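The values are calculated or read from the model by the stated rules, or taken from the named source; none is laboratory data. From a predicted model like this one, the values you see are computed outputs, not experimental measurements. Note: ideal-geometry Cβ built from the backbone for every residue, glycine included; neighbour counts use all protein chains shown.
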Amino acid sequence: MSDDPESPRAAPPQEVVDAVREAVEAGDSALLVDLLEPLHAADIADILEQIRSGERAALLKLWGREIDGEILSEIDESIREEVIESLAPEVLAEAVRELDSDDVVDILEDLEEPAQERILDALDRDDRAAVEQSLSYPEYSAGRLMQREVVSAPLHWTVGEAIDFLRGEDWLPDQFYHVILVDPRMKPAGYVTLGRILSARREVKLSEIAEDSFRTIAATEAEADVAYIFTQYHLITLPVVDEGGRLAGVITIDDAMSVLDEEHEEDMLRMAGVGEESSLSDGVWETVRQRFPWLAVNLVTANVAAMVIGLFEHTIVMIVALAALMPIVASMGGNAGTQSLTVAVRALATRDLTSSNATRVIWRELTVGLLNGLGFALVMGLVAWAFYGRDVLLGAVIGAAIIVNLTIAALSGVLVPLLLHRLKLDPALASGTFVTTMTDVVGFFAFLGLATVVLL
């Protein structure tokens, strides 16, 4: 398959997808090969995800022998098992043997046990042992993320010895950026970039041109820590060590970026309450199962807000304009809370928001909420006065309610995720529900309560 670096990467256009569908429907394997051969593995994976299950099965029957490991790695996990089960054993074996150990582990993690065994049986004995050892580490850990194919060299070697070694080996991974330097006990002590090796004289010791950015991480550390280290220290390679401090594997920048993308995607899905593994390929009932619980929670919190409104039913009956103005107060508070919440959740994920600067951030958000509240209170007060009977007191009530709600919204947008983080809960998962409930309840209570006291 073509992997021309000069050709722009983009999702396959709709006419290509339509042509693939027509070739599958016609059973034209030659045309199908012509259509898919020039495409990148990620684009073929996109096509497999976009077409229906029956079309997917027919496509794999016509073209399945051409599939390779890179395509399996790119396919969304929601349909990966279906694709694997459609492949002949010899095709699957050939595909997975092309992959590095970290890619095989990534595929296996999302499969049921029978499908896992099919892939493990397809591996050579040494490769299977390496993959099973990686799977023995906790889920979402550095040990699961690392690749076992590590290019290492003794700490005392020279550049010439390293070059001769690299030229004489045929097992080297397709992509690597550093040669890891190890001591006699196989503990990593530094690394050297390939560029420095190629530009240095043969007699120079590798230890003399080692990089200052060298870091290691334990195999049991969380993937989130891996992503943080890569972004914080601008790394392209991170050696992984076992419980004895020995070199166990290496994580490269492409895997770290995948973790960052997954973390960002999961946070977005969690904040929306649609499940962290939602996909367009999911079936109807799977989608319902993911979304129903958070809609149920939202129903409960909406009833809490409705109960607050019910407490002031007499006030609303007496002053009908309040019913038209109530949603404005709640909507302003909800938007302000979402703004503050999004910044706080992201800052917690990137570790920019910590206990050392939490007080400063809280005061900043409190001040921002108050100033925004004052500005919009003046605007909305004038609007209420102009369009609802030129009642100065009504304008003052909604203005005061907006000040209160925007201040509380900005404050809760920081405090709620901080509290959940302190309780070891994911701030992205539940913060939105709590903040929205708080702004609705406070907004309605402040507006209707002030209206009851001032206008009646």
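Details
- You will find that of 111, 120, the residue that is in contact (Cβ under 8 Å) with a residue 12 or more places away in the chain, aliphatic (A, V, I, L, M) and in a loop (DSSP other than H, G, I, E, B) is 111 and no other.
- Complete set of residues in the range 346-367 that are touching a Ser or Thr at 6+ places or on another chain (Cβ under 8 Å) and more than 21 Å from residue 425 (Cβ to Cβ): 366
- Scanning the range 399-456 for residues that are of a type in the set (D, E, K, R) and within 26 Å of the chain's Cα centre (by Cα) yields 422, 424, 426.
- All positions within the range 75-108 that are outside any helix (DSSP H, G or I) and within 23 Å of residue 253 (Cβ to Cβ): 75, 76, 98, 99, 100
- Condition check for residue 345: surrounded by 14 or more Cβ atoms within 10 Å (Cβ to Cβ), in contact with a helix residue (DSSP H, G or I) (Cβ under 6 Å, 6 or more places away or on another chain) and modelled with pLDDT of 90 or more: no
- Residue within the range 200-216 that is in contact (Cβ under 8 Å) with a residue 60 or more places away in the chain, assigned by TED's automatic domain parsing to the domain that holds residue 177 and surrounded by 17 or more Cβ atoms within 10 Å (Cβ to Cβ) present: no
- For the range 340-391, a residue qualifies if it is closer than 30 Å to residue 223 by Cα, in contact (Cβ under 8 Å) with a residue 24 or more places away in the chain and not in a helix (DSSP H, G or I), and the qualifying residues are 350, 351, 353.
- Residue in the range 303-323 that is of a type in the set (Phe, Trp, Tyr) and either touching a Cys at 6+ places or on another chain (Cβ under 7 Å) or part of a helix (DSSP H, G or I) (or both) present: no
- Matching residues in the range 33-59 - criterion: being over 17 Å from residue 83 (Cα atoms) and either buried (at least 18 other Cβ atoms within 10 Å of the Cβ) or acidic (Asp, Glu) (or both): 34, 35, 37, 39, 40
- Checklist (1) crowded, with 19+ Cβ neighbours inside 10 Å; (2) in the same structural domain as residue 86 (by TED's automatic domain parsing); (3) of a type in the set (Gly, Ala, Ser) applied to residue 129, failing item: (1)
- Subset of the range 163-208 [touching a Pro at 6+ places or on another chain (Cβ under 8 Å) and closer than 22 Å to residue 127 by Cα]: 180
Conditions tested, residue by residue: (1) β-branched (Val, Ile, Thr); (2) surrounded by 12 or more Cβ atoms within 10 Å (Cβ to Cβ); (3) at pLDDT below 75.
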{"position": "279", "(1), (2), (3)": "no, yes, yes"}
{"position": "283", "(1), (2), (3)": "no, no, yes"}
{"position": "287", "(1), (2), (3)": "yes, yes, yes"}
{"position": "291", "(1), (2), (3)": "no, yes, yes"}
{"position": "294", "(1), (2), (3)": "no, yes, yes"}
{"position": "299", "(1), (2), (3)": "no, no, no"}
{"position": "308", "(1), (2), (3)": "yes, yes, no"}
{"position": "317", "(1), (2), (3)": "yes, no, no"}
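- Any hit, the range 368-375, residues being under 40 Å from the mean Cα position of the chain (by Cα), surrounded by fewer than 17 Cβ atoms within 10 Å (Cβ to Cβ) and within 30 Å of residue 261 (Cα to Cα): no
- Some residue of the range 13-21 being at pLDDT below 90 and either in contact with a Gly (Cβ under 6 Å, 6 or more places away or on another chain) or part of a loop (DSSP other than H, G, I, E, B) (or both): yes
- Flag if residue 66 is surrounded by 18 or more Cβ atoms within 10 Å (Cβ to Cβ) and out of contact with any His (no Cβ under 6 Å at 6 or more places or on another chain): no
- Residues that are surrounded by fewer than 18 Cβ atoms within 10 Å (Cβ to Cβ) and small (Gly, Ala, Ser), drawn from the range 153-182: 160, 168
- The set of residues in the range 438-456 being surrounded by fewer than 21 Cβ atoms within 10 Å (Cβ to Cβ) and part of a helix (DSSP H, G or I) consists of 441, 445, 449, 450, 452, 453, 454, 455.
- Taking the range 25-61 as the range and being assigned to a helix (DSSP H, G or I), over 34 Å from the mean Cα position of the chain (by Cα) and not polar (S, T, N, Q) as the test, the residues that pass are 25, 26, 30, 31, 34.
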